[in-house]
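Beneath this line is the structure, given in structure tokens, with notes to follow.
The values are calculated or read from the model by the stated rules, or taken from the named source; none is laboratory data. As the structure is a computational prediction, the values presented were derived from the model and not from experiment. Methodologically, a virtual Cβ is constructed for each residue, glycine included, from the backbone with ideal geometry; neighbour enumeration extends over all protein chains shown. Just so you know, the surface numbers come from the protein's heavy atoms only, side chains and all, with ligands and any DNA or RNA stripped out. Shrake-Rupley method; radii C 1.70, N 1.55, O 1.52, S 1.80 Å.
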Amino acid sequence: MSKAENVIAAQPRNEFGDNASRRLRKSGFIPAVIYSRGQESVAVTLKTEEWQVAHAKGASLYVIALEGKEIPVIVKEVQFNHLKNYVYHVDFQAVDMTAEIHASVALHAFGDCYGASHGGVLEQEIHELPVSCRPDALPDMIKVDVTKLQVGEILTVGQLVLPEGVKVRGLADEDIVFHVVLPTQDVAAAEGEGSAEPEAINEKKAEARAAEKAKK
């Protein structure tokens, strides 16, 4: 089994409902479900610490170790409580290691962008790339070298260097992933207004002084 470093141990879950889930989380576990095409879903529990360590790696493919079996899965959804900062449920999708799957992979820029270093702003239009591939070819992320991008230049989907066996789906080659633009006119206008503000204040002060002299 590839990517064995992303193994997460799981136990069957027999208690359900909000109260049971709260007890699990207080005990250091996360309720989860493994969905499989053509089969019944399986409710499990994960150790919170194990999930956090595995998920922090930014992995795309995981292996759930359950009752002596290894189930390759991808994450369907992570339900997160943003107010209290904890994960309260995870949905997995079991995958066939011999069949092609559809997934989304994060795109990350790397390199010192030339245009951004010379007055431009590097903007990213696509943050997750929809791909198809076999599960063992699914990358955890795709890094994109933006070093040579100059002001006014773009980098498109068709220019991405993809890992072997990975194909883009649902996007056109000409779709823009990264581009370098000049600061917007709105920002420039705001800066201009900011620089003009002291002049307006000085004018008001001068008017006030002239009015005082007139009174005298």
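Taking K and R as +1 and D and E as -1, what net charge do the other residues with C-beta under 14 Å from the C-beta of residue 146 add up to? Walk me through the intermediate numbers first.
Numbers: positive: 143, 148; negative: 112, 123, 125, 145, 153.
Its environment carries a net charge of -3.
How large, in percent, is the carbon and sulfur part of the accessible surface of the range 35-116 at a probe radius of 1.4 Å?
Working: 2370 of 4850 Å².
Exposed carbon and sulfur together represent 49 percent of the surface.
On the full set of protein chains, 1.4 Å probe, figure out the accessible area of residue 132 and give it in Å² to the nearest 10.
About 10 Å², rounded to the nearest 10.
Kirkwood Rh and Cα-based Rg: tell me the resulting Rg over Rh for the range 1-144, rounded to two decimals. Before the final figure, lay out the partial values.
On the way: Rg = 17.8 Å, Rh = 17.0 Å.
Reported Rg/Rh, Kirkwood definition of Rh: 1.05.
Excluding ligands, DNA and RNA, what is the solvent-accessible area per residue of the range 1-127 at a probe of 1.4 Å, expressed in Å²? Don't skip to the end; give the middle numbers.
Details: 7590 Å² over 127 residues.
That works out to 60 Å² per residue.
Can you run the Rg to Rh ratio on the range 44-120? Use alpha carbon positions and the Kirkwood inverse-distance Rh.
Numbers: Rg = 17.3 Å, Rh = 15.4 Å.
Answer for the range 44-120: 1.12.
Averaging sequence separations of C-alpha pairs under 8 Å and six or more residues apart, then dividing by the length of the range 1-72, give the relative contact order as a whole percent. Intermediate results must be reported in sequence, preceding the final value.
On the way: 95 pairs, mean separation 30.2, N = 72.
Reported as a whole number, the value is 42 percent.
Could you rank 125, 164 by how accessible they are, 1.4 Å probe, largest area first? Walk me through the numbers on the way to the answer.
On the way: 125 100, 164 170 Å².
The ranking, largest first, comes out as 164, 125.
Of the listed pairs 26/47; 69/167; 69/143, which have alpha-carbon separations greater than 23 Å here?
Details: 26/47 11 Å; 69/167 30 Å; 69/143 33 Å.
Going by Cα-Cα distance, 69/167; 69/143 fall outside the 23 Å limit.
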